[in-house]
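Here is the structure we will look at, set down as structure tokens.
The values are calculated or read from the model by the stated rules, or taken from the named source; none is laboratory data. No experiment lies behind these values; they were computed from the predicted model shown. Positions of Cβ are backbone-derived with ideal geometry, glycine not excepted, and every protein chain shown enters the neighbour counts.
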Amino acid sequence: MARRRLSKKLEGSAIGIARHELHLVSRDASNIEGNASGWVKPANVEEVVTILRDCHARRIPFVARGAGTGLAGGAVPTMGSIVISMMGMNRIRSVDADGRFAWVEPGVLNADLSRAVARHGLHFAPDPSSQQSCTIGGNVANNSGGPHCLSTGVTSAHVLAIEAVLSDGSVVTLDQESSPFDLRGAFIGSEGMFGIATAIKVRLTQNAPHHATVVVGFPTIDGGARAVSAIIAAGIVPSALEMMDAPITRAVESYVHAGFPLDVGALLIIEVDGLPHGVEADIDSCLTICRQHEASYIRRAQTDAERAIIWKGRKTAFGAIARIKPNYYLHDTVVPRRRLAEVLGKIGHIAAAENLQVMNVFHAGDGNLHPLLLFDRREEGIMPGECYPESTVLVSRSVTSCRSCSTKPALPRSRSFGEPSILRVWRIPARCCRLGRDVEIRSPRPRALGCEDSDMTRSKGLSSGVLRFEPDELIVTVRAGTTMEELASVLGSKRQRLRIPAIGTVGGALATRRNGPFPSDNFALPNIVLKIHAVDGSGNAFVAGGGTVKNVSGFDLVKLLVGSWGTLATITEATLRTEPIPGCSRWFVGAGDVGALYRPALVAPCRNGWCVNLEGHPDDVAQQAALLENYDEIAPPAALEMIELFSIAESPPERLEMTPAIFDICRRLKSEFDPDNTLSPLLSARWGLA
Amino acid sequence: MIFAAVDPDDLASCVSCGLCLPHCPTYRITGNDSQSPRGRIELVAAVRGGEIPLDDGVRHSLNSCVQCMGCLPACPSSVRYDRIIAPVIDELASTSARKVMVKRFLFRALTAIAALAQRLHLMPRRFPIPPVAVRMRRLRVPAASKNNRGEVILFRGCVMDMWYRQVHQATVDVLSRLGYNVRLSDPGMCCGALHAHAGIAEPASKLTANVRKCHSGSILIVNSAGCGAHLLRHAEGLGEVVDVMEFVSRHLDESPLDLGSRSDDVVVVHDACHLRNIQGSHLATHRVLDLFYEVRSIPDDGLCCGAGGAYAIDHAASAKHIVDRKNEAIQSVLDAQVRYISSGNPGCSGQLQAHRPQTWNALTIVHPIELVARALGSEDRHQSHHQGDADRS
């Protein structure tokens, strides 16, 4: 009935109810099956609005669908949802090659976008294994990563703004500027629960001029895993570090014929890209480390074609599984890198004891494991009443028992909404994240860090100190009251750093998203924040995020808190991702075109024109510097000089131009986190949130 | 059981990863799961298992497959989609009007009528049939010589022989230059590829058997990619079935071809699905043409053009969508230097010809072997021109 009424409203994109279509849109690349009650393929924003308004009015749950290549059932409709296929919206709306961004619709395929901007020497950096098939909309919903996100970051570091339709049919634009909270960041990875993206402004990345792609074989997985740890510990972050075990290598090799060695225990694919001197120096160091760890096979790709086929092999690994068994259950989890070998051993142990066939292909550089459990659903008793074998729980337990902090269980979740309305959905983050009540700070009236008197450097009595610095993991856990200077000196002792300026306290930097002149890319806020301990306005302590180097699952509460000027919660402790200090860093001030530079660390307007910061191998930096005409070299500015040089505003925005829908969300967030307006009350009042 | 002829192990070997999706022309134009290889496999499995009925929707999904087999090389698990879809198409055709349609359109559309209709402007412009000569030229075949390297048979086929005889002539010329004695297959001998494509299994296998009987043990040179792919699949008994460009490519190293100077013309190479996805020999065309011309590939991962046997006639609207997409991809590599689009399959040539944008007036759609012959032939003219000069002096 509801369906019929709905279809009347939609001229040209009526709700489909054909049996066979519903059968197909009720499943994706996972083992989960749903039950769609209808499907529709809108062609533009207006149609999406009409559909969602109707669904809202009639309380019909819905699920957005892209290419249906997700492995966690993200596109599977439950509760008789309507499936909204976004494949009808697949245009690249505009490309700004100079500004290096593009507006695309959600149905654009990831690889198609990179192909379309290739003539500008650009690409879209997130490269999940399914990149040839998956859509940008799906990447946003899942905060997708991929082999190369080791150096370039996951999707949220590459999405600048999102045009979305909320479940009540209102159209909003989410970005980091137009609202006090980073709603963009919270939307990414929310698996379609906050609304449907109808256009996405993506950052485009310059193609690397030079690559080194090497296949390294190790006699055992253990040796490979230790080599990976050692590479990172040596201060090298390759653009990709991928590992495959022997059985999966065999399966893949029989498809791609990439010449992978079949007599090794584990295969490591190392790729370094960038400017030639840095690439060669880094790959040499990597290979030296590999040899120290008894690498038994080393082959470097000599041509682009050879490189392409190596990657084709890695990226088709999941699909090649059917050569062994027709079904697999994928577990996707991040563990500390140094415990890779231990966790893999444990998984192997359980698999052997339970007589299960498990294969491993994973992002070794991130510690992101993908144990694949093979089975044949036609076998008797393999599917005990559920859509996944019971024994997989054992494997998950083995992984979680190793204190992995970020697991993405591929179990069906209720991701369709309509029943609990959007109003409630936006409230979920605060509720579901109030876990760690044993955090040391419990104050009924905590003071805000990002307070309105523009003095960001005071620590407001919060305890300080670096709690844990794990240089091998590129992770530091620090109390919010620690000064950035102190943190910088601790990190510097191991030749690591945060790129953001060393001003004020860590808590202040986070609360105000103080990136200084640096763009909020993968090496800046909020993307370097992995985990936060905070206390909300009612005095409840909670933890958000996870303390591993990659961390994409669940609602991204961290993004909401970073840059909220202390109006939602007081950050007490944070885990941050550090980076190795590059070999050389030089600063220049002048005027003129800098388009020829390759991924400069910084290009920003400053007092005296434009300021450019080049980093990397000294020879590469020298070559790049030679491209700068009308620029003079300056001494690297100290943190406080940056404020002057870049005229950085040290106060929160006076007024924010918010659309009613955005304002509404922000007010609800505020009242959920801080109902009595005890946190930054003046600022909250000025923004109209209290 | 419906679709009983499909091997259940073939169906089970699909893990639904979706890596085939972008390589499927019908999925590309619709974005619908029911128009994708993954979806079709699931539908066959569901119908076979009795989960869903074989209704018009399922029928349409399965029949709308172009059978380009673009999904075959894309599949990391090497799911044999070809083995799944072929019996399904057969089974559907035996219960549908499609059989009659194919007969009416393909085998009664006699060439003479087509030619006449074209002259009288009665033929719709979008009908994928090239301009047809009213009177056929006889093929000129050089006399066999004992000194030659051996004998090959040019498979004439039906469509090629009627509509693209100039391609046969070019093939004969080039093969002779390579030092082979060329023998022609019987005129009108059909391989049955179109029948098989349309799901008319029985006549198809009869026709194929006939080819096998007449030419067992011979080297069969085929210049229609579709016929080549079909014969190759049923090659047992035949000596060798080889696409003409592949054959030329193989013999280049030892060939007596004097390559002379390169042309300034640019050729955009359209890879027929039959070559790329089934025979796996499409690179030979690039390699050979690269000797004479600047060669450009079409940047769309070799997606199908929508010709697919009788598909362009049977599913005209989809085929038009698909070819529009192809044309866009071609357009992206066009500039003033591009003179030719090469296509090794008559179906593709017809499809591209029928749907070419008006702005492509300066472009000719040709078979790659014609370009080779032309390059060598211009060499001839060049030489004779010199001789003429010498005579005069």
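Out of the residues in segment A:316-373 that are touching a strand residue (DSSP E or B) at 6+ places or on another chain (Cβ under 7 Å) and hydroxyl-bearing (Ser, Thr, Tyr), state the one that is nearest to the other protein chains (Cβ to nearest Cβ).
A:TYR328
Which one of these is modelled with pLDDT of 80 or more, more than 19 Å from B:ALA307 (Cβ to Cβ), in contact with a Phe, Trp or Tyr (Cβ under 7 Å, 6 or more places away or on another chain) and not assigned by TED's automatic domain parsing to the domain that holds B:ASP55: B:ARG177, B:ARG140, B:ARG183, B:ARG149?
Only one candidate qualifies: B:ARG149.
Those residues that are within 9 Å of chain A (Cβ to nearest Cβ) and either of a type in the set (S, T, N, Q) or free of Cβ contacts under 8 Å to residues at least 60 places away in the same chain (or both), I need them from segment B:1-16; list them, please.
Across segment B:1-16, the qualifying residues are B:PRO8, B:ASP9, B:ALA12, B:SER13, B:SER16.
In segment B:148-186, which residues are touching a helix residue (DSSP H, G or I) at 6+ places or on another chain (Cβ under 6 Å) and without any contact (Cβ under 8 Å) to a residue 40 or more places away in the chain?
none
Please go through segment A:469-501 and give me each residue that is closer than 15 Å to A:ILE581 by Cβ, of a type in the set (A, V, I, L, M) and not in a helix (DSSP H, G or I), ordered by number.
Passing the criteria: A:LEU474, A:VAL476, A:LEU498, A:ILE500.
Pull out all pairs, ordered by first then second residue, where Cβ-Cβ is under 7 Å, the residues are six or more apart or on different chains, the first lies in segment A:27-38 and is assigned by TED's automatic domain parsing to the domain that holds A:GLY70 and within 18 Å of A:ASP376 (Cα to Cα), and the second is part of a strand (DSSP E or B) and at pLDDT below 90.
So the pair list comes out as A:ARG27/A:GLU33; A:ASN31/A:ASN327; A:ASN31/A:TYR329.
Based on this model, can you work out whether A:ILE298 counts as in a helix (DSSP H, G or I) and either surrounded by fewer than 18 Cβ atoms within 10 Å (Cβ to Cβ) or hydrophobic (A, V, I, L, M, F, W, C) (or both)?
No.
Among the candidates A:ARG100, A:ARG93, single out the residue that is in contact with a His (Cβ under 9 Å, 6 or more places away or on another chain) and not assigned by TED's automatic domain parsing to the domain that holds A:ILE32.
Matching residue, one of A:ARG100, A:ARG93: A:ARG100.
I'm checking my understanding of the structure. Among residues of segment A:22-63 that are out of contact with any helix residue (DSSP H, G or I) (no Cβ under 6 Å at 6 or more places or on another chain) and hydroxyl-bearing (Ser, Thr, Tyr), which one is farthest from B:TYR27 (Cα to Cα)?
Filtering segment A:22-63 for residues that are out of contact with any helix residue (DSSP H, G or I) (no Cβ under 6 Å at 6 or more places or on another chain) and hydroxyl-bearing (Ser, Thr, Tyr), the one farthest from B:TYR27 (Cα to Cα) comes out as A:SER37.
If a residue must be away from chain B (no Cβ under 14 Å) and touching a helix residue (DSSP H, G or I) at 6+ places or on another chain (Cβ under 8 Å), how many such residues does segment A:301-315 contain?
The total comes to 1.
Can you tell me how many residues within segment A:253-268 are touching a Phe, Trp or Tyr at 6+ places or on another chain (Cβ under 8 Å) and closer than 30 Å to A:ARG599 by Cβ?
Adding up the residues that qualify gives 2.
Please specify each residue of segment A:627-642 satisfying the condition of being modelled with pLDDT of 90 or more, surrounded by 11 or more Cβ atoms within 10 Å (Cβ to Cβ), under 13 Å from A:CYS611 (Cα atoms) and among the hydrophobic types (A, V, I, L, M, F, W, C).
Hits for segment A:627-642 are A:LEU628, A:ILE634.
Take the residues of segment B:19-55 that are outside any helix (DSSP H, G or I) and in contact with a helix residue (DSSP H, G or I) (Cβ under 6 Å, 6 or more places away or on another chain): which is nearest to B:GLY228 (Cα to Cα)?
Per the criteria, the residue is B:CYS24.
Could you count how many residues in segment A:180-197 are over 16 Å from the mean Cα position of the chain (by Cα), surrounded by 24 or more Cβ atoms within 10 Å (Cβ to Cβ) and farther than 14 Å from A:LEU160 by Cβ?
Of the residues in that region, 5 qualify.
Quick check: is even one residue across segment B:29-45 more than 7 Å from chain A (Cβ to nearest Cβ), of a type in the set (Ser, Thr, Tyr), more than 20 Å from A:LEU71 (Cα to Cα) and crowded, with 24+ Cβ neighbours inside 10 Å?
no
Just for segment A:132-144: of the residues that are of a type in the set (A, V, I, L, M, F, W, C) and under 15 Å from A:ASP556 (Cβ atoms), which one is nearest to the other protein chains (Cβ to nearest Cβ)?
A:ALA141
Got at least one residue in segment B:92-111 being away from every other protein chain (no Cβ under 14 Å), assigned to a helix (DSSP H, G or I), at pLDDT below 55 and over 18 Å from B:PRO203 (Cβ atoms)?
yes
Could you list, in sequence order, all residues of segment A:252-310 that are of a type in the set (Val, Ile, Thr) and touching a residue at least 12 places away in the same chain (Cβ under 8 Å)?
Of everything in segment A:252-310, those that are of a type in the set (Val, Ile, Thr) and touching a residue at least 12 places away in the same chain (Cβ under 8 Å) turn out to be A:VAL252, A:VAL256, A:VAL264, A:ILE269, A:ILE270, A:VAL272, A:VAL279, A:ILE283, A:ILE289, A:ILE298, A:ILE309, A:ILE310.
When only residues in segment A:547-582 that are assigned to a strand (DSSP E or B), of a type in the set (Val, Ile, Thr) and out of contact with any helix residue (DSSP H, G or I) (no Cβ under 6 Å at 6 or more places or on another chain) count, which is farthest from A:GLN623 (Cα to Cα)?
A:THR570
In segment A:590-613, what residues are of a type in the set (A, V, I, L, M, F, W, C), touching a helix residue (DSSP H, G or I) at 6+ places or on another chain (Cβ under 8 Å) and crowded, with 18+ Cβ neighbours inside 10 Å?
A:CYS606, A:CYS611, listed by residue number.
Would a scan of segment A:555-573 turn up a residue that is closer than 23 Å to A:ASP366 by Cβ and surrounded by fewer than 20 Cβ atoms within 10 Å (Cβ to Cβ)?
no
Residues are listed down the side, and each one gets a yes or a no for (1) part of a loop (DSSP other than H, G, I, E, B); (2) on the phi < 0 side of the Ramachandran plot; (3) more than 14 Å from chain B (Cβ to nearest Cβ):
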| position | (1), (2), (3) |
| --- | --- |
| A:ILE84 | no, yes, no |
| A:SER94 | no, yes, yes |
| A:PRO126 | yes, yes, yes |
| A:GLY146 | yes, no, yes |
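Go through A:ALA574, A:ALA638 for me and flag whichever is free of Cβ contacts under 8 Å to residues at least 12 places away in the same chain and within 29 Å of A:ARG495 (Cα to Cα).
A:ALA638
Mind listing just one residue for me: the one in segment A:515-546 that is small (Gly, Ala, Ser) and assigned to a loop (DSSP other than H, G, I, E, B) and, of those, modelled with the highest pLDDT?
A:ALA524
Checking the condition buried (at least 23 other Cβ atoms within 10 Å of the Cβ), on the phi < 0 side of the Ramachandran plot and within 14 Å of another protein chain (Cβ to nearest Cβ), which residue from A:ILE248, A:ILE270 passes?
That would be A:ILE248, the only listed residue that is buried (at least 23 other Cβ atoms within 10 Å of the Cβ), on the phi < 0 side of the Ramachandran plot and within 14 Å of another protein chain (Cβ to nearest Cβ).
Looking at segment B:56-64, can you tell me whether even one residue there is under 24 Å from A:GLY319 (Cβ atoms), more than 8 Å from chain A (Cβ to nearest Cβ) and not in a loop (DSSP other than H, G, I, E, B)?
Yes, segment B:56-64 contains at least one residue that is under 24 Å from A:GLY319 (Cβ atoms), more than 8 Å from chain A (Cβ to nearest Cβ) and not in a loop (DSSP other than H, G, I, E, B).
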